[in-house]
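The values are calculated or read from the model by the stated rules, or taken from the named source; none is laboratory data. Predicted, not measured: the structure shown is a model, and the values here were computed from it. Cβ sites come from the backbone with ideal geometry, for glycine too, and all protein chains shown count toward neighbours. We work out accessible area using only protein heavy atoms, side chains counted, and drop any ligands, DNA or RNA first. Shrake-Rupley method; radii C 1.70, N 1.55, O 1.52, S 1.80 Å.
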Amino acid sequence: MSNTSFPDRSGAIARAEAYFDRGTFQSDLADWVTYPTESQNPDSGPELTRYLQNATRPRLEAAGFTCQIFENPVPGGGPLLVGERIEDPGLTTILSYGHGDVVRGQGDQWRDGLAPFQLTEEGDRLYGRGTADNKGQHLINIAALEAVIAERGHLGFNVRIVVEMSEETGSAGLGDFFRAQKDRLKADVLIASDGPRLQPETPTMFMGSRGGVNFDLVVDLREGAHHSGNWGGLLADPAMILAHALTAICDRRGQIQIPEWRTTSLTDSVRAALDGLPIEGKSGPKVDPDWGEESLTPAERAFGWNSFAVLAMTSGVPEAPVNAISGRARATCQLRYVVGTDPDDILPALRRHLDRHGFETVEIVPDKGGPFKATRLDPEHPWVEFVAGSLTRTAGQPPHVLPNLAGSLPNDCFADILGLPTVWIPHSYRGCSQHAPNEHVLKPLCRDALRLMAGLFWDLAEADTLPTAE
């Protein structure tokens, strides 16, 4: 594929382009999508193992990796694969990651002509569950490694890769597995892919994620409902109490009122990294200009600040209301939070705040899954600068650089347990319908991602010096 008799960067990129252009990427992704790896489905265990055994393991072993599949240390969690290609212990070692599990297929909700576990091409889109989250993304990275090996004959650095099968159920067991396998997973940096670009045509990097904690607020006053004519004005309404409690958490424009939830980590370097980054694009809803922290830009609200949301709320029987005062009301809530917020004090701080405002009857019920922790790498870190420089060289434009993703993923396992600097390069876009019917990826974006990753993996061996693990 190279234009000369000597291996070079452009040759590796050309190999990655050819892999896409001849349709091999699409056919490989089509095969991986056929595995119904729904980790939220308790009957999917055999499919989770089959994906590792029949899809990813043979692909990695053909590229010179030694692979081992491990049982999850947490009962009910999906298996994990660890592959490694160690060319020289003295070389830089990168750790990469992907997850082969997907959310429920929701097949009855997909548009006519589409199905979750069958890849369907329509114009520039490839539809199927896992195309964006996350089979397509780790397939791109593996294929880019293959392109460099084919061009150079070797990588010039070491790679370890983890593929887990429980990410969509909160990465059950991943932290325990990393603690037990810390020596096996030693590396200098994590370079992996998940999530969306800010804009489809521009590469994006992020170096962490907001944390997330879910909980229910419950007002349970009495057994059953009672006639509103006979008891109206006499019985306290749990829905009204709950509504007022929610307004004590956020004001009318969604600004957080709990002091401990108002972070102090929006530093000058984080503000500088977020300055000018686009939030709105061609896909997705229009941003409400009068919602969220008034003193912040939209980018600062999404990536540098905490946000509170009511995910669901019930009282009575909404689908069949009757003339009665309900005895119970419930709201399922979520706080997305950035570094600088104490995760251990999120719910205690909420309890203190509600009590101060007279809402002692509002019960806080934590989510059984527990929180995702917030992580962030400084935008001026040497690994950030190296990766950004490589992406700029290939793309001809600088990437969008986010201190952290607005959503949540198990980055704390890499940053806190393994102690690694973390750089994520997403290969999807915000309109991909991940976690929803009609999930898809954009073909031009996938081709561009293959080019970028081939260039980056080439540059890892060509650099005079690379940052080392501290």
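Can you go through LEU81, LEU60, LEU29 and tell me which one is modelled with pLDDT of 95 or more and either in a strand (DSSP E or B) or surrounded by fewer than 15 Cβ atoms within 10 Å (Cβ to Cβ) (or both)? Talk me through it step by step, then tell me what you get.
On the way: LEU60 fails: either in a strand (DSSP E or B) or surrounded by fewer than 15 Cβ atoms within 10 Å (Cβ to Cβ) (or both); LEU29 fails: either in a strand (DSSP E or B) or surrounded by fewer than 15 Cβ atoms within 10 Å (Cβ to Cβ) (or both).
Every option except LEU81 fails the conditions.
Are any residues in the range 304-325 assigned to a loop (DSSP other than H, G, I, E, B) and of a type in the set (A, V, I, L, M, F, W, C), and if so, which ones?
Keep residues of the range 304-325 that are assigned to a loop (DSSP other than H, G, I, E, B), which gives 304-306, 316-323.
Correct list: TRP305, VAL317, ALA320, VAL322.
Name the single residue that is nearest to LEU354 (Cα to Cα) among those in the range 261-277 being open to solvent by 30 Å² or more (accessible area, probe 1.4 Å) and part of a loop (DSSP other than H, G, I, E, B).
For the range 261-277, the residue satisfying everything is ARG262.
If you go through the range 151-167 one residue at a time, how many are open to solvent by 10 Å² or more (accessible area, probe 1.4 Å), farther than 20 Å from ARG57 by Cβ and either touching a Cys at 6+ places or on another chain (Cβ under 8 Å) or not basic (Lys, Arg) (or both)?
Adding up the residues that qualify gives 4.
Anything in the range 292-325 that is within 27 Å of GLY233 (Cβ to Cβ) and crowded, with 16+ Cβ neighbours inside 10 Å? List them, or say none.
Within the range 292-325, MET313, SER315, GLY316, ALA324, ILE325 meet the criteria.
To keep it simple, each residue is scored yes or no on (1) of a type in the set (A, V, I, L, M); (2) more than 22 Å from the chain's Cα centre (by Cα); (3) closer than 17 Å to GLY128 by Cβ.
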site: PHE6; (1), (2), (3): no, yes, no
site: ASP31; (1), (2), (3): no, yes, yes
site: TYR35; (1), (2), (3): no, no, yes
site: GLU38; (1), (2), (3): no, no, yes
site: PRO46; (1), (2), (3): no, yes, no
site: CYS67; (1), (2), (3): no, yes, no
site: VAL74; (1), (2), (3): yes, no, no
site: ILE86; (1), (2), (3): yes, yes, no
site: PRO89; (1), (2), (3): no, yes, no
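Name every residue in the range 181-227 that is under 20 Å from ALA395 (Cα atoms) and outside any strand (DSSP E or B), in order of residue number.
SER193, ASP194, GLY195, LEU198, PRO200, GLU201, PRO203, MET207
If I filter the range 131-140 for residues that are within 19 Å of TRP424 (Cβ to Cβ), more than 21 Å from the chain's Cα centre (by Cα) and among the charged types (D, E, K, R), do I get at least one hit?
First, the residues of the range 131-140 that are within 19 Å of TRP424 (Cβ to Cβ): 131-140.
So of that shortlist, the ones also more than 21 Å from the chain's Cα centre (by Cα) come out as none.
For the range 131-140, residues within 19 Å of TRP424 (Cβ to Cβ), more than 21 Å from the chain's Cα centre (by Cα) and among the charged types (D, E, K, R): absent.
Which one is surrounded by the most Cβ atoms within 10 Å (Cβ to Cβ) among residues in the range 228-260 that are part of a helix (DSSP H, G or I), in contact (Cβ under 8 Å) with a residue 60 or more places away in the chain and small (Gly, Ala, Ser)?
Here the residue is ALA245.
Restricting attention to the range 402-432, which residues are among the small types (Gly, Ala, Ser) and either open to solvent by less than 10 Å² (accessible area, probe 1.4 Å) or at pLDDT 95 or above (or both)? Explain how you work it out, then say what you get.
Let us first name the residues in the range 402-432 that are among the small types (Gly, Ala, Ser), namely 406-408, 415, 419, 428, 431.
Within the range 402-432, ALA415, GLY419, SER428 meet the criteria.
Could you please let me know if PRO437 is in a loop (DSSP other than H, G, I, E, B), farther than 30 Å from ASP183 by Cα and touching a Phe, Trp or Tyr at 6+ places or on another chain (Cβ under 6 Å)? Explain how you work it out, then say what you get.
On the way: in a loop (DSSP other than H, G, I, E, B): yes; farther than 30 Å from ASP183 by Cα: yes; touching a Phe, Trp or Tyr at 6+ places or on another chain (Cβ under 6 Å): yes.
So PRO437 fits the description; yes.
Which condition number in (1) closer than 30 Å to LYS182 by Cα; (2) in a helix (DSSP H, G or I); (3) open to solvent by less than 40 Å² (accessible area, probe 1.4 Å) is the one that SER96 fails?
Here SER96 clears every test but (2).
Out of the range 168-194, which residues are open to solvent by less than 20 Å² (accessible area, probe 1.4 Å), at pLDDT 95 or above and either in contact with a strand residue (DSSP E or B) (Cβ under 7 Å, 6 or more places away or on another chain) or closer than 23 Å to GLU61 by Cα (or both)?
LEU174, PHE177, PHE178, LEU185, ALA187, VAL189, LEU190, ILE191, ALA192, SER193, ASP194
Every residue in the range 333-346 that is over 15 Å from VAL310 (Cα atoms) and open to solvent by 30 Å² or more (accessible area, probe 1.4 Å), please.
Of all residues in the range 333-346, those over 15 Å from VAL310 (Cα atoms) come to 338-346.
Correct list: VAL339, GLY340, ASP342, PRO343, ASP344, ASP345.
Condition test on ALA14, is it in contact with a helix residue (DSSP H, G or I) (Cβ under 6 Å, 6 or more places away or on another chain) and among the aliphatic types (A, V, I, L, M)? Full working, then the answer.
Values: in contact with a helix residue (DSSP H, G or I) (Cβ under 6 Å, 6 or more places away or on another chain): no; among the aliphatic types (A, V, I, L, M): yes.
No: the conditions fail for ALA14.
Within the range 281-291, take every residue that is exposed (fewer than 14 other Cβ atoms within 10 Å of the Cβ) and touching a residue at least 12 places away in the same chain (Cβ under 8 Å) and give me the one that is nearest to ALA245 (Cα to Cα).
Filtering the range 281-291 for residues exposed (fewer than 14 other Cβ atoms within 10 Å of the Cβ) gives 282-290.
Now drop any that are not touching a residue at least 12 places away in the same chain (Cβ under 8 Å), which leaves 282-284, 290.
Values: LYS282: 36, SER283: 34, GLY284: 30, ASP290: 22 Å.
Residue satisfying both the conditions and the ranking: ASP290.
Here are ARG376, ARG351, ARG356: which of them is surrounded by 21 or more Cβ atoms within 10 Å (Cβ to Cβ) and not hydrophobic (A, V, I, L, M, F, W, C)? It would help to see each step written out before you state the result.
On the way: ARG351 fails: surrounded by 21 or more Cβ atoms within 10 Å (Cβ to Cβ); ARG356 fails: surrounded by 21 or more Cβ atoms within 10 Å (Cβ to Cβ).
Only one candidate qualifies: ARG376.
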